[in-house]
Amino acid sequence: MKQTPFHKLTPRAIRVWQLGNAVGNLFFFGIPAVYAAIFGMEGFHFWVVSVTSGIIFTLWVLSIVLFPYLSWKNWRYAVDEKEIDLKRGVIVKTRTLIPLSRVQHVDTRQGPLLRWYNLASVTISTAATTHEIPALDAQIADRVRNQISTYARLAEEDV
Amino acid sequence: MSEFQRQHPVAAISAALGLIRGNLIPIILFLFVGTQREEFPFVWWIAGGFGFLLILGTLNWWRFLYRIEDGELQIKRGLFVRKNLYLTKDRIQVIDITSGVIQRMFGLVKLDIQTAGSTSREASIEAITMEKATEINRILRETAIESDQPETTEAGMPEEEKKIFELPAKELLIAASTSGSFGIALSILATLFSQIEPIISESELFEYLFGLLPSQTDFLLILSVIIVFVVFAWLLSFFSTLFSYGNFRLEVKEKELVISRGIFEKKRLTVPYNRIQAVHVAEGMIRQPLGYASVHLESAGYGDDRGTGSIVLFPLVHRTEILNLLDDVLPDYKKKHEGIKPPKRAARRYMIRSAFLITATTALLYYILSLNNWIWIIPALSVYWGWLKYKDTAAAWSDDIMLLRSRAFSRTTAYIKKNRVQDISYSQSWIQRYRGLCTVQVHVASGDQGKSFAVRDLEQQDGFLLIREIKGEADIYEEFSGLTEPEQLIPLPGWP
């Protein structure tokens with residue numbers, strides 16, 4: 001019996017996510033900061049601020065050191081002539097199948113961070129939902145996009 | 001009809017009213033803030049506000065132009081940002097002619113155009129004469145039908161066969177009194193109350209009312225406030241349902257369903273069969289014990305004003321009649337199946353999931369507010385609620401239909417055409433992996449968005465079975481092969 005033809009994301013994805021999380025999750029330090037600004041740092045409030053800061057700091061470090069790696073390790077995608085198969089998730093593992101006849105459009109996207117690393121994401125839209133394969137090598141992303149759009153045209157049916 | 005023209009000027013009024021309806025809460029807030037000032041009378045605020053909206057409405061009317069050119073409806077609209085909408089005849093799904101209260105006062109109609117895209121809500125002509133509406137309808141319709149099926153729609157054909165269903169007065173009353181919009185009404189009331197509260201708490205009326213109540217504890221006071229709220233919310237939802245589902249009428253035609261409803265504001269919806277994605281039957285918590293349910297449709301590309309595609313196919317039907325109704329409306333759906341249920345070991349998860357937050361909150365409130373012991377009824381009920389959810393979850397399939405049943409508050413039984421499924425997901429949290437369970441979720445198109453149906457905590461391999469059903473002719477890879485047929489089958493959907 002054939003195995004599902006799964007591919008992994010490029011390992012460079014880890015670096016991109018690490019950078020993204022390092023900057024993006026700084027925002028959460030605002031929560032204890034705002035709390036301290038409102039209630040001050042006396043007695044009970046000191047403990048609230050330091051415990052939340054501690055938790056947020058730990059999560060921030062984990063979101064750089066561990067989570068991107070785990071996320072990359074669990075990501076798989078497969079495209080064949082009939083369907084797209086996406087597998088992802090660390091704590092909750094999800095597998096999504098999208099019949100190609102349901103694909104309305106597919107495009108590649110590149111934010112500044114992704115462009116810096118020569119990566120791109122592929123976005124697949126159906127009449128109901130939008131799915132993303134994040135952080136593929138830009139050339140591969142183009143190839144996957146073209147592949148999906150060719151197959152989708154072949155599988156065309158009405159909505 | 002090649003010149004651009006304006007709508008009937010009444011459109012300005014209906015646009016102004018539309019603005020009021022769309023911004024009700026800010027307007028109420030504004031009025032309350034505004035009327036605190038003594039030197040400026042209340043009436044002036046209202047008159048001024050309405051005048052302002054009327055000017056906006058008039059500008060809207062002035063800037064809205066439409067014409068029909070080569071069987072294409074062209075609309076130019078927008079005050080500052082001009083929008084040009086070009087709706088070609090073969091993209092137009094449905095043209096609906098309706099009339100609200102304002103339109104009927106002036107003998108006018110509203111023209112709604114439904115396409116598969118999200119722009120369709122912008123392409124409605126608010127107020128035009130009946131003759132113009134029918135002419136537009138004729139021009140756009142005949143070409144559309146021609147391209148659809150050239151041979152069968154010649155003039156002189158006999159009236160197409162149709163069945164008509166209406167909602168009897170008794171059922172309408174039951175529907176209104178058990179309406180699900182109860183919760184919404186309650187939240188609207190609560191919002192209103194929070195606005196009015198500072199005013200009435202100062203008034204003598206309020207003190208007088210409290211004087212009437214027998215001397216009581218705080219508990220009784222809270223209870224009586226809650227009861228008054230509930231009664232008002234119930235009345236609100238009773239009348240809103242009564243008005244919106246009065247004169248309900250479902251016409252089953254050869255190619256489409258026509259649903260019309262409403263006592264003051266008449267609404268009419270046409271749904272072609274080929275746009276129907278799924279049907280679901282909802283048995284509300286109050287309606288189910290009485291043996292009643294409501295039937296809904298998911299349709300692609302359009303639905304109600306809010307952009308969701310859930311359409312009420314029939315507001316209230318007795319459980320013994322559901323299958324007959326579905327047979328008449330959707331004869332090609334297979335209704336009865338043998339289905340699977342989550343295994344016994346999943347029951348605990350259902351109950352914990354339902355009761356956990358509620359119990360924690362109750363315990364916290366009990367501790368902080370030192371509440372009466374009776375409050376523990378609520379967590380007990382939530383455990384029962386979890387049990388109900390477990391008991392009602394089921395799934396079944398046949399050649400072209402998938403049936404998913406689950407419960408949030410109402411028990412929802414969905415019939416989904418397999419080839420209408422947009423995607424199917426199989427997920428496992430780490431506890432589910434440990435327990436060998438999984439959750440399966442299916443998306444169908446509904447309006448501009450999607451709607452999902454899910455069954456939780458199925459046996460792992462039953463989840464794979466469901467996925468394999470959706471895969472159809474796609475390659476079956478290793479993990480989907482060699483699945484054994486499920487053992488314990490139950491008859492679904494369980495209505496006589």
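Taken together, the values in this text are just the output of simple stated rules run on the coordinates, not laboratory data. Here the structure is a predicted model, which means the values were calculated and not measured. Here the Cβ is made from the backbone with ideal geometry for all residues, glycine too, and neighbour counts use every protein chain on show.
Structure values in brief
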quantity	calculated
Per residue Cα convex hull volume in Å³ - calculated over region A:13-69	48
By average C-beta atoms within 10 angstrom, highest first, the peptides B:103-112, B:21-30	B:103-112, B:21-30
Shielding by partners - mean other protein chain Cβ count within 10 Å, residues of B:271-278	1
Residues B:Ile97, B:Ile377 arranged by fewest to most Cβ contacts within 10 Å	B:Ile377, B:Ile97
Rounded to 10°, Cα long-axis angle of helix A:43-65 versus longest principal axis of chain A	30
Whole-Å semi-axes of chain A's equivalent ellipsoid (Cα gyration tensor)	40, 16, 15
Simple label model, 7 Å out from Cα along Cβ direction - B:Leu59 to B:Glu135, nm	3.1
For region B:80-91, 3J(HN,Hα) per residue [Karplus equation, 6.51 cos²θ - 1.76 cosθ + 1.60, θ = phi - 60°, Hz, x = Gly/Pro]	9, 9, 7, 10, 10, 10, 10, 10, 7, 4, 7, 8
Under 19 Å from the Cα of B:Lys253 - lysines, other chains or at least 8 residues apart	B:Lys162, B:Lys163, B:Lys267
Inter-chain shielding of B:416-424 (mean C-beta neighbours from other protein chains, 10 Å cut-off)	5
Extension reserve of the B:Lys76-B:Leu364 stretch, reckoned as 0.36 nm per residue once the Cα distance is removed	97.9 nm
Inter-chain Cβ neighbour average for residues B:451-463, partner chain, 10 Å	0
Within region B:413-428, backbone nitrogen closer than 17 Å to the virtual label 7 Å beyond the Cα of A:Lys8 toward Cβ	none
For chain A, calculated [θ]222 nm from helices alone, where every DSSP H run of n ≥ 4 adds -39500 (n - 2.57)	-15000 deg cm²/dmol
In order through region A:130-140: 3J(HN,Hα) via Karplus (6.51 cos²θ - 1.76 cosθ + 1.60), integer Hz, x for Gly, Pro	10, 10, 10, 9, x, 6, 9, 4, 3, 5, 5
Straight-distance crosslink candidates among lysines, where the alpha carbon sits under 16 Å from B:Lys418 and sequence neighbours closer than 8 are dropped	A:Lys82, B:Lys334, B:Lys335, B:Lys336, B:Lys451, B:Lys471
Residue exposure sequence - B:Arg67, B:Arg405 - by fewest surrounding Cβ within 10 Å	B:Arg67, B:Arg405
Prolate/oblate/rounded call for region A:76-158, Cα gyration tensor, a/c under 1.5 rounded	oblate
Stretchable slack from B:Glu487 to B:Val231, in nm (0.36 nm times residue separation minus alpha-carbon distance)	87.3 nm
Global geometry of region B:421-487, whether rounded, prolate or oblate, following the gyration tensor of its Cα atoms and the 1.5 cut on a/c	oblate
Size of electric dipole in region A:76-158: Cβ of Lys, Arg +1 and of Asp, Glu -1, about Cα centre, debye, nearest 20	400
Rounded to whole Hz, the Karplus (6.51, -1.76, 1.60) HN-Hα couplings of region B:127-132, x for glycine and proline	8, 9, 6, 4, 4, 5
Amide proton proximity set for B:Phe248, modelled H, under 5 Å, gap of 5+	B:Leu167, B:Gly262
Under 5 Å, built H, 5+ apart or other chain: amide partners of B:Leu257	B:Val271, B:Tyr273
Residues B:Asp96, B:Asp332 arranged by fewest to most Cβ contacts within 10 Å	B:Asp332, B:Asp96
